[in-house]
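Here is the structure we will look at, set down as structure tokens.
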Amino acid sequence: MSDWSDLIPHVSPVWTHLLDKVLVRGEGPYVWDQDGRRYLDFTSGIGVVNTGHCHPRVVEAIREQAGRALHLQANIGFVHEPMLRLIGALKGVVPPELDTFFFSNSGAEAVEAAVKLARQATGRPNIIAFQRAFHGRTVGTMSLTSSKTIYRAMYQPLMAGVFFAPYAYCYRCPKMEANPERYGSNCRCDWPLEQVRFLLKSQTAPEETAAILVEPVLGEGGYVVPPAAFLRGLREICDEYGILLILDEVQSGFGRTGRFFALEHFGVVPDILVMAKGLASGLPLSGIAARRELMERWEPGSHGGTYGGNVVACAAAEATIRVLLEEGLVENAARLGEILLDRLRALQARYPGLGDVRGLGLMVGVEFVVPGGRTPDKDRAKEVQKGCRDNGLLLLTCGTEENVIRWIPPLVITEQELETALEIFEAVLDSVVQ
Ligand code: PLP
């Protein structure tokens, strides 16, 4: 096999590639590096390959389509067949009200599309987003992102008209200390909703607020599952003031949380649903779904892009949806997610540095803290992540304080593969924590 190492210094350092490792192949839940070393990939390429690396049915759909056309422009008076087939498949999995679709390439582009649609359709300029949220790295989306300063520092000033409210992060809720029993999915504490209402009174009046943009499960910001009352309350606020609710399911969609979309856990239907990552199993494709009546308020020709809704990516996405549904991968995520949470909670009882274990389906976070309190312990999380990698298990961290290890394996994993990963994690905890 060729040795590419002399070319590594020519990769921009803005991509953190500290390991000098070259990945060459992926299959199912595994990836291999240039030296033939196999890793259990519990990052799914940052939540992308929900169907596993190179699922044969997705690969076949890509081959088939590549032999027919690589690119058919969707903005010159035509639409193309793979896009219509994809829409057919998507209509079976998104809430039925959201019957009209627009496609682009990346998650950030889709969030930008949602914001542009919301601004034009309402004639209002402002957006409410959340503290710790991540929506992308374009100028528009980094303005909506507050998960870490690194995404914004030295790029400011950014897009105006963005206001941040606190996310419903029960483990770090300022009201928690007074009421420790108020925690988790059933919490009805109104504090985060009061903060949104306060923003509407103090900084962005309802009649100048186009949308509330929110991740139904906080992703890069720390894998936080909010109580259902939070998302339902946001829906109510939106309905009260004619504000649009945008749900960013870029990371939580496509079976990840044990439902096709995370919104199903909360019983909330947004005005605009944003999707990417798991949509096309690794090909660059993203999209938004909204009611036709809303999409019709978007000036034709005022938004789009050369590659958005590429034919090969659409074919991959259609196959991805069929695989997720027909191979029971969403159910697998729900079932294995329960096992994963149980096992991690059992570990939490033994290791006081595991401050919080939370998640839905196979979107699970373990928050590391200094034992005896809730002080974030980034160093320990990084040490455990590294120990796992040295032992063949890839895990990512997340969170503003970078102290959360996230578990996002491909949804094709077996119980045995999950067991192997947990054994590695536990052995590393033993060596790092002792
Ligand atoms: N929205 C969420 C919730 C994400 O997690 C991400 C990426 O991690 C994005 C948007 C941006 O997606 P992309 O990196 O494809 O632009």
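Does P300 satisfy being buried (at least 19 other Cβ atoms within 10 Å of the Cβ) and more than 13 Å from the ligand (Cβ to nearest atom)?
It is false that P300 is buried (at least 19 other Cβ atoms within 10 Å of the Cβ) and more than 13 Å from the ligand (Cβ to nearest atom).
Is there a residue being outside any loop (DSSP other than H, G, I, E, B), under 10 Å from P410 (Cα atoms) and in contact with a strand residue (DSSP E or B) (Cβ under 7 Å, 6 or more places away or on another chain) anywhere in the range 26-34?
Checked against the condition, which is being outside any loop (DSSP other than H, G, I, E, B), under 10 Å from P410 (Cα atoms) and in contact with a strand residue (DSSP E or B) (Cβ under 7 Å, 6 or more places away or on another chain), the range 26-34 yields at least one hit.
Please find, among G278, G305, the residue that is touching a residue at least 12 places away in the same chain (Cβ under 8 Å) and either assigned to a loop (DSSP other than H, G, I, E, B) or surrounded by fewer than 17 Cβ atoms within 10 Å (Cβ to Cβ) (or both).
Exactly one of G278, G305 is touching a residue at least 12 places away in the same chain (Cβ under 8 Å) and either assigned to a loop (DSSP other than H, G, I, E, B) or surrounded by fewer than 17 Cβ atoms within 10 Å (Cβ to Cβ) (or both), namely G305.
Which residues, counting only those in the range 236-269, are within 16 Å of the ligand (Cβ to nearest atom), more than 11 Å from the chain's Cα centre (by Cα) and among the hydroxyl-bearing types (S, T, Y)?
None; the set is empty.
For the list (1) within 12 Å of the ligand (Cβ to nearest atom); (2) closer than 23 Å to A61 by Cβ, I need the number of the one condition that A289 fails.
Just one mismatch for A289, condition (1).
Which residues, counting only those in the range 190-220, are in contact (Cβ under 8 Å) with a residue 40 or more places away in the chain and assigned to a loop (DSSP other than H, G, I, E, B)?
Passing the criteria: D190, Q203, T204, E215, P216, V217, G219, E220.
Could you look through the range 392-434, keep only residues that are acidic (D, E) and under 21 Å from L336 (Cα atoms), and pick out the one that is surrounded by the most Cβ atoms within 10 Å (Cβ to Cβ)?
It comes out as E417.
When the range 239-259 is examined, which residues are found to be of a type outside the set (G, A, S), buried (at least 22 other Cβ atoms within 10 Å of the Cβ) and not in a strand (DSSP E or B)?
Listed by number, the residues that qualify are I243, E249, V250, Q251, F254, R256, T257.
In the list I321, I243, which residue meets the criterion of being farther than 18 Å from P56 by Cα and either in the same structural domain as A121 (by TED's automatic domain parsing) or touching a Ser or Thr at 6+ places or on another chain (Cβ under 7 Å) (or both)?
I243
Just to confirm my filter: which helices (runs of 4 or more DSSP H) fall fully inside the range 73-179 and include at least 2 residues that are of a type in the set (S, T, Y) and within 16 Å of the ligand (Cβ to nearest atom)?
By residue number, 139-143.
The values are calculated or read from the model by the stated rules, or taken from the named source; none is laboratory data. A quick note: this is a predicted structure, and the numbers were derived from the prediction, not measured. As a convention, Cβ positions derive from the backbone with ideal geometry for all residues, glycine included, and neighbour counts pool all protein chains shown.
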